[in-house]
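K.L.:
Shown below is the structure under consideration.
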Amino acid sequence: MYFSGAGDPAPENQEPMKRLIDFLKDIFQKKTPPDSPIDTMAAETLRAAFKERYHHFKMLLNANNSALEIMTEIEQALQSKRPFGMSFIKSNCIAITVSLLRLLKNLEQLSEGKYNPLYAPFDEICNNIRQLIEQKKEAQDERLIIPLTAIDRTRADLVGSKMANLGEILNLVKLRVPAGFSITARAYEYFMSYNDLQTEIDRRFISTDITDMEALYALSQDIQTLITQALLPEDLENEIHKAYSDLEQEMGGALSVALRSSAMGEDSAANSFAGQYRSELNVRKKDLISTYKDIVASKYGFTAITYRLNKGIRDEDIFMSVGCIAMVDARSGGVMYTRNPLDSADGSIFINSAWGLPKAVVDGSVDCDLFVVGRHAPIKVSYRDIKEKKSQFLCYADDGVCQFEITEEDRNQPSINDEEAIELAKLAVRIEQYYGSAQDVEWAIDRNGILFILQCRPLQQTEALKMDYPEELTRETRENVLASGGTNIFPGVASGEVFIVNSPDDMVNFPKNGILVARQALPVWASLLNKASAVLTEHGTFAGHLANVAREFKVPTLFGLKNITEILKTGDLITIDSSQVSVYKGKIDIPIHTSEMEKDIIEGSPVYNMLLEVSKFIIPLNLLDPYSPDFKPENCKTLHDITRFAHEKSVHEMFNFGKEHNFSERSSKQLFYKVPMQWWILNLDDGLKEETQGKYIRLENIASIPMMALWDGIVAVPWDGPPAIDGRGMAAVMFQSTANRSLEPAMKSAYTERNYFMISKNFCSFTSRLGYHFSIVEALISNRVAENYITFRFKGGAADSQRRIRRIRFIADILTEYSFRVELMEDNLVSRVEGYEMDYMLSRMNILGYLIMHTRQLDMIMSNENTIRYYRSKMDKDIKTVVLAKTAFAQ
């Protein structure tokens, strides 16, 4: 000591000497007298400032986690085959931008505006997303009404494909079509904007869970009521009445009309929308406006909504024009296919017909006659199947249509004769030659024998399915036949449990991959085709609406199975082979032909492509290395980049608070566990039982519930050290990074970094770099179950890429077993568990603590299968018998 050697000072000089030493200590150690009121006030001010900062940090973490959850949901939607609509895209875009705005606001408070340049890329990204989701088609032609004589295929964007094709057949193919006009897409747009309906409809969609069929059905009813109760603009109403009066004049007097949907995209090659929208027959002038609104409202019918969802069609792309054509008082009517829809090599013409209006054929409500006609001269009927037709649809005297019983003598008579069948076949050939592809044509013959074309659309075809069964399989199927016969609507094989539907109310409970069984092949059942693995009905026609949609959705389907609803009961396990027109008891493994395509309708659809484009501004992560000079706000190209940057900087701001404010009682301190450890602790608020003035924090002073759970896992099972591999020396050095106190944490190298805990009573953020391995655990755990979450991220390793990836998958398998949701991208793992009670969440922290310590350097042995199996077995045993031994959550 400086005064040693001079002897002890005299007693009278000791007190002044002590004061001098204390004064020098105060100068050089900057020690603040404990009783200084000014410094006490400053400390309290800083303590309050820190609590506010911690509040913003916690709010930032919540916003960050919300944003990451939405990103995960978007990725899952792109990867799965489940349907979603524009409401899913819009609601998630709104939610993630709100989360990002909350995140940026809290980062601004946390850093005193240091990172405000983030707002510029955020605004740019949001504008790009907004431009994508708000784009919509607009009617280019301002006409509200167009007569059929002025319509052809070039007007499809204004009058819809159905009316465009009808105008084409009338004006260019020169075939007979009923007179009429189109109420255009511009009229629809005018009606909707006049009442500001679209804004309210979008709002209701966004607030509805479209995966809940009951909620979706209620939404459908509400929106249709909203539309039908809205007022039509007076000038539009006047134009519709004028067009009707002109049609009356053209037809020579009072008439009734058919009002038919003709929406954008309807009757196209990819999407038939068969039976999904409303059409009304035999409408009188007094009901013209209300019926028009009913048909517009049918855009939001339950079946139409589910069809668009399942096909990935944007609601914004569907403008509902309506065709108004003179009613044909049909003696017979039906549908013809210009080729076989189930065999593209078969050029035969298939004509389905019934007594009365074609409604009986397209609705699938009654059986109908089938005529097959060859197309080559001499054209003749090659096959006929005349059914018993018990009823027919006819125009009622005043308005509407009614189902009338057919007399006994006419029930089994053919609804058309061979000459009419041949005439229809000739028209079919002519129409197909004009369009250059197979067509689906609706027709009617009036009481005077005059033939009218009512509708024409492209016909979807498949290749014939030909299979040779092994003898053993043939015997098994023969022994288990429950029903056979009927009409093959779409070929294929499916097994599942029967679910019988008798009314639309039953649809709510229809199970995923169930076998849909019904008496009639009604169009409403089309809403279930995305769930159904097969369809069986007692009645129905090859040319009906449900048949068309079943072929679109590639669902194995059989119609005309007599008494099938009595043979089967709900819950029965059956196998259907529609190509063999047979139903078998139990599950039979029938080989599926390679031409049978897996249903993947949503991918490539407009809605899917929209989400894919939007996701490019949300999901990709470009800012990976926080030490890179490119880690800057201006390099944020996606919302994920912004969350990455903000999270990194928020942690930096929290760790630097004590240092920047000379606030030693709140700055990070070294953990003392038996000996000083290479673990540093930053107490955010109430993470300690009592404050400590030294540079160490002892483990017994920790009050943080999630930290202690993580620590219990870390120390539960002693680590045996690195696995026995080549390169043991390097592994040993890496191990020393957390155990050797001589490794100064301020020294930056590839082998040593500080391992930080940021804690409060219910919060823990743990950042660890153990050698080349980097992991982050964030947890908020309390008795407030809804707020509980744990996130775990793991990356890195010293081995080659293949072994690092195998190690990541090794960890992922363990986490998945314990209810973590896991995402993998190369050697990067992100996992999450949330919403469980406190004890369960703490047990998951125990597991993470164990894995952090015991998966170190396992990447070095990931090429040795025996060693991998050994470590997996050991870890499973450790977790169940030691780590979770004192909990109720060993499984």
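K.L.:
Kindly indicate the residue of the stretch 344-364 that is assigned to a helix (DSSP H, G or I) and open to solvent by less than 10 Å² (accessible area, probe 1.4 Å) and also farthest from Leu424 (Cα to Cα) among those meeting that condition.
P.N.:
Residues of the stretch 344-364 that are assigned to a helix (DSSP H, G or I), as a first pass: 359-362.
Imposing the further condition that a residue be open to solvent by less than 10 Å² (accessible area, probe 1.4 Å) reduces the set to 360-361.
Details: Ala360: 18, Val361: 16 Å.
Checked the stretch 344-364; the qualifying residue farthest from Leu424 (Cα to Cα) is Ala360.
K.L.:
So, in the stretch 677-707, of the ones that are among the aromatic types (Phe, Trp, Tyr) and out of contact with any helix residue (DSSP H, G or I) (no Cβ under 8 Å at 6 or more places or on another chain), which residue ends up surrounded by the most Cβ atoms within 10 Å (Cβ to Cβ)? Show your work before the answer.
P.N.:
As a first pass, look at the stretch 677-707 and keep what is among the aromatic types (Phe, Trp, Tyr): 679-680, 696.
Subset that is out of contact with any helix residue (DSSP H, G or I) (no Cβ under 8 Å at 6 or more places or on another chain): 680, 696.
On the way: Trp680: 19, Tyr696: 14.
Among those that are among the aromatic types (Phe, Trp, Tyr) and out of contact with any helix residue (DSSP H, G or I) (no Cβ under 8 Å at 6 or more places or on another chain), it is Trp680.
K.L.:
Tally the residues that are part of a loop (DSSP other than H, G, I, E, B) and open to solvent by less than 50 Å² (accessible area, probe 1.4 Å), restricting the search to the stretch 605-634. Even if it seems obvious, please write down each step before you answer.
P.N.:
Filtering the stretch 605-634 down to residues part of a loop (DSSP other than H, G, I, E, B) leaves 605, 616-632.
Those left that are additionally open to solvent by less than 50 Å² (accessible area, probe 1.4 Å): 605, 618-619, 623, 626, 628, 631.
The qualifying residues number 7.
K.L.:
To continue, here is another question. I'd like to check something: does the stretch 237-247 contain any residue that is modelled with pLDDT of 90 or more and closer than 30 Å to Pro606 by Cβ? Full working, then the answer.
P.N.:
Here is the first cut: in the stretch 237-247, the residues modelled with pLDDT of 90 or more are 237-247.
If we keep only those that are closer than 30 Å to Pro606 by Cβ too, we end up with none.
Within the stretch 237-247 (the criterion being modelled with pLDDT of 90 or more and closer than 30 Å to Pro606 by Cβ), the answer is no, since none of the residues qualifies.
K.L.:
How do the pairs read when you match residues in the stretch 563-575 that are over 16 Å from Gly485 (Cα atoms) and in contact (Cβ under 8 Å) with a residue 12 or more places away in the chain with residues anywhere that are open to solvent by 40 Å² or more (accessible area, probe 1.4 Å) and not in a strand (DSSP E or B), using Cβ under 8 Å and keeping only pairs 6 or more apart or on different chains?
P.N.:
Leu573/Lys587
K.L.:
Quick check on my filter: what residues within the stretch 114-127 are surrounded by fewer than 16 Cβ atoms within 10 Å (Cβ to Cβ), in a helix (DSSP H, G or I) and of a type outside the set (A, V, I, L, M, F, W, C)? Full working, then the answer.
P.N.:
Our first condition is that a residue be surrounded by fewer than 16 Cβ atoms within 10 Å (Cβ to Cβ); within the stretch 114-127, this holds for 114, 116-117, 119-120, 123-124, 127.
Those left that are additionally in a helix (DSSP H, G or I): 116-117, 119-120, 123-124, 127.
The answer is Asn116, Pro117, Tyr119, Asp123, Glu124, Asn127.
K.L.:
Could you say whether any residue in the stretch 397-420 is farther than 20 Å from Ile325 by Cβ, modelled with pLDDT under 90, open to solvent by less than 20 Å² (accessible area, probe 1.4 Å) and among the charged types (D, E, K, R)?
P.N.:
No; the residues of the stretch 397-420 include none that is farther than 20 Å from Ile325 by Cβ, modelled with pLDDT under 90, open to solvent by less than 20 Å² (accessible area, probe 1.4 Å) and among the charged types (D, E, K, R).
K.L.:
Taking only the stretch 162-199 into account, find how many residues are in a helix (DSSP H, G or I) and of a type outside the set (Ser, Thr, Tyr). Quick ask: steps written out before the conclusion?
P.N.:
Going residue by residue through the stretch 162-199, those that are in a helix (DSSP H, G or I) are 162-173, 185-194, 197-199.
Going one step further and asking which of them are of a type outside the set (Ser, Thr, Tyr), we end up with 162-173, 185-187, 189, 191-192, 197-198.
Result for the stretch 162-199: 20.
K.L.:
Follow-up. Select from the stretch 304-343 the residues that are open to solvent by 10 Å² or more (accessible area, probe 1.4 Å), assigned to a helix (DSSP H, G or I) and hydrophobic (A, V, I, L, M, F, W, C) and list them in ascending order.
P.N.:
Leu309
K.L.:
Hey, another quick one. Test Ile681 against the criterion of being modelled with pLDDT of 85 or more, closer than 30 Å to Ala77 by Cβ and among the β-branched types (Val, Ile, Thr), and give yes or no.
P.N.:
Details: modelled with pLDDT of 85 or more: yes; closer than 30 Å to Ala77 by Cβ: no; among the β-branched types (Val, Ile, Thr): yes.
So Ile681 fails the test.
K.L.:
Another one. So which residues in the stretch 531-554 are buried (at least 24 other Cβ atoms within 10 Å of the Cβ), touching a residue at least 60 places away in the same chain (Cβ under 8 Å) and over 19 Å from Tyr337 (Cβ atoms), if there are any at all?
P.N.:
Thr537
K.L.:
Continuing with this model, one more query. Among the residues in the stretch 374-381, are any in a strand (DSSP E or B) and surrounded by fewer than 22 Cβ atoms within 10 Å (Cβ to Cβ)?
P.N.:
Quick first cut of the stretch 374-381, residues in a strand (DSSP E or B) only: 381.
Those left that are additionally surrounded by fewer than 22 Cβ atoms within 10 Å (Cβ to Cβ): 381.
Yes.
K.L.:
Could you pull out the residue among Arg741, Arg728, Arg754, Arg803 that is modelled with pLDDT of 80 or more and either surrounded by 14 or more Cβ atoms within 10 Å (Cβ to Cβ) or touching a Pro at 6+ places or on another chain (Cβ under 8 Å) (or both)? Break it down stepwise before answering.
P.N.:
Numbers: Arg741 fails: modelled with pLDDT of 80 or more; Arg728 fails: modelled with pLDDT of 80 or more; Arg754 fails: modelled with pLDDT of 80 or more.
None of the other options fit; the residue is Arg803.
K.L.:
Let me ask something else. Report yes if Ser863 is surrounded by fewer than 16 Cβ atoms within 10 Å (Cβ to Cβ), of a type in the set (Gly, Ala, Ser), free of Cβ contacts under 8 Å to residues at least 60 places away in the same chain and over 22 Å from Asp712 (Cβ atoms), otherwise no.
P.N.:
Numbers: surrounded by fewer than 16 Cβ atoms within 10 Å (Cβ to Cβ): yes; of a type in the set (Gly, Ala, Ser): yes; free of Cβ contacts under 8 Å to residues at least 60 places away in the same chain: no; over 22 Å from Asp712 (Cβ atoms): yes.
No: the conditions fail for Ser863.
K.L.:
Mind telling me which of the residues Asp398, Asp385 ends up being more than 18 Å from Leu459 (Cβ to Cβ), in contact with a Phe, Trp or Tyr (Cβ under 9 Å, 6 or more places away or on another chain) and of a type in the set (Asp, Glu)?
P.N.:
Numbers: Asp398 fails: in contact with a Phe, Trp or Tyr (Cβ under 9 Å, 6 or more places away or on another chain).
Going through Asp398, Asp385 in turn, just one is more than 18 Å from Leu459 (Cβ to Cβ), in contact with a Phe, Trp or Tyr (Cβ under 9 Å, 6 or more places away or on another chain) and of a type in the set (Asp, Glu): Asp385.
K.L.:
For the stretch 129-155, give me each residue that is open to solvent by less than 30 Å² (accessible area, probe 1.4 Å), out of contact with any Asp or Glu (no Cβ under 8 Å at 6 or more places or on another chain) and not β-branched (Val, Ile, Thr).
P.N.:
Leu148
K.L.:
I've got another one for you. Can you tell me which residues in the stretch 811-860 are of a type in the set (Asp, Glu) and touching a residue at least 60 places away in the same chain (Cβ under 8 Å)?
P.N.:
Step one: of the stretch 811-860, the residues of a type in the set (Asp, Glu) are 813, 817, 823, 826-827, 834, 837, 839, 859.
Matches in the stretch 811-860: Glu823, Asp859.
K.L.:
Yes or no: the stretch 144-160 includes at least one residue that is of a type in the set (Asp, Glu), modelled with pLDDT of 90 or more and in a helix (DSSP H, G or I).
P.N.:
There is no residue in the stretch 144-160 that is of a type in the set (Asp, Glu), modelled with pLDDT of 90 or more and in a helix (DSSP H, G or I).
K.L.:
Report yes if some residue within the stretch 366-373 is among the aromatic types (Phe, Trp, Tyr) and in a loop (DSSP other than H, G, I, E, B); otherwise report no.
P.N.:
Keep residues of the stretch 366-373 that are among the aromatic types (Phe, Trp, Tyr), which gives 371.
Imposing the further condition that a residue be in a loop (DSSP other than H, G, I, E, B) reduces the set to none.
No - not one qualifying residue is present in the stretch 366-373.
K.L.:
Of everything in the stretch 371-392, what is of a type in the set (Ser, Thr, Tyr) and either farther than 18 Å from Glu423 by Cα or under 45 Å from the mean Cα position of the chain (by Cα) (or both)? Give them in sequence order.
P.N.:
Ser391, the sole residue that qualifies.
K.L.:
Something else about it: If we keep just the residues of the stretch 828-851 that are within 29 Å of the chain's Cα centre (by Cα) and of a type in the set (Asp, Glu), which is surrounded by the most Cβ atoms within 10 Å (Cβ to Cβ)?
P.N.:
Ranking the candidates gives Glu834 first.
K.L.:
Mind counting the residues in the stretch 91-113 that are surrounded by fewer than 21 Cβ atoms within 10 Å (Cβ to Cβ), touching a residue at least 12 places away in the same chain (Cβ under 8 Å) and over 14 Å from Glu69 (Cα atoms)? If you could, list the steps in order and put the result at the bottom.
P.N.:
The initial filter retains those residues of the stretch 91-113 that are surrounded by fewer than 21 Cβ atoms within 10 Å (Cβ to Cβ), namely 91, 94-95, 97-98, 101-102, 104-105, 108-109, 111-113.
So of that shortlist, the ones also touching a residue at least 12 places away in the same chain (Cβ under 8 Å) come out as 91, 94-95, 97, 101-102, 104, 109, 111.
Checking the rest, the ones that are also over 14 Å from Glu69 (Cα atoms) come to 101-102, 104, 109, 111.
Counting residues in the stretch 91-113 that are surrounded by fewer than 21 Cβ atoms within 10 Å (Cβ to Cβ), touching a residue at least 12 places away in the same chain (Cβ under 8 Å) and over 14 Å from Glu69 (Cα atoms) gives 5.
The values are calculated or read from the model by the stated rules, or taken from the named source; none is laboratory data. A quick note: this is a predicted structure, and the numbers were derived from the prediction, not measured. No Cβ is skipped: glycine too gets one built from the backbone with ideal geometry, and neighbour counts run over all protein chains shown. Just so you know, the surface numbers come from the protein's heavy atoms only, side chains and all, with ligands and any DNA or RNA stripped out. Shrake-Rupley method; radii C 1.70, N 1.55, O 1.52, S 1.80 Å.
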